[in-house]
Amino acid sequence: MKKETRLYNMIFPIWLLMFIPWVCFPAAVLNFGIDTLVLLLAMKKLGLAPKKTLWKKSIIRVVIFGFIGDIVGALCMLGCDTVLYHAGKHDANYSLMYDPWQDPLSLVLAVCCMAIASLVIFLLDRRFAFNKTDLSSEHKKKLALGMAVFTTPILFIVPTRLFGMY
């Protein structure tokens, strides 16, 4: 039987894989750990128990939906980059992908892409991630909000020169 390979939630823009693909496995492991930590802390804050059972029933979906949110955010960044390029705003175009802090428009677009990724994470987690649990809709909403806020792809605004690229 063929072994299935899966990629889970990445903590960096998906386009970064084109430049340094070796970070895929460590990022997936790190993201699984971050998602676990955020989920457990949110459950603790809400006073939900038993944590292990809730975690087992939801963690894989939480990680997958986080990955989907990151992809949507990265695609938005790619779309913004394409629009900037065709509009002749080459400074903003360059800044968006390499250092959003160099150009105000690039920073605003990158933050908007982060917000879109977080919104997708929130909507998917709220609707689907906790289906196999007996949580109330209010608890599902609060957990999904915590996941969206604390697992937003913050590296969308981190300059890639910090990764040795520029």
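Coordinate-derived values only; no laboratory data. Given the structure is predicted, the values throughout are model-derived calculations rather than measurements. Ideal geometry is used to build each Cβ from the backbone, glycine not excepted, and the neighbour counts take in all protein chains shown.
Here are the numbers for this structure:
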read-out	value
Residue within segment 71-82 that is surrounded by fewer than 15 Cβ atoms within 10 Å (Cβ to Cβ), under 27 Å from Ser106 (Cα atoms) and either touching a His at 6+ places or on another chain (Cβ under 7 Å) or of a type in the set (S, T, N, Q) (or both) present	yes
Subset of segment 149-166 (residues that are farther than 17 Å from Cys76 by Cα and in contact (Cβ under 8 Å) with a residue 12 or more places away in the chain)	Val149, Phe150, Thr151, Pro159, Thr160, Arg161, Phe163, Met165, Tyr166
Test result for Thr133, under 28 Å from Phe25 (Cα atoms) and surrounded by 15 or more Cβ atoms within 10 Å (Cβ to Cβ)	no
Those residues of segment 42-52 which are touching a residue at least 40 places away in the same chain (Cβ under 8 Å) and surrounded by 12 or more Cβ atoms within 10 Å (Cβ to Cβ), in sequence order	Ala42, Met43, Leu46, Leu48
Of the criteria (1) over 15 Å from Met147 (Cα atoms); (2) in a helix (DSSP H, G or I), which one Leu40 fails	(1)
Residue match in segment 110-127 (condition: polar (S, T, N, Q) and surrounded by fewer than 21 Cβ atoms within 10 Å (Cβ to Cβ))	no
Residue list for segment 83-107, filter: surrounded by 14 or more Cβ atoms within 10 Å (Cβ to Cβ), within 19 Å of Thr152 (Cβ to Cβ) and hydrophobic (A, V, I, L, M, F, W, C)	Leu96, Met97, Leu107
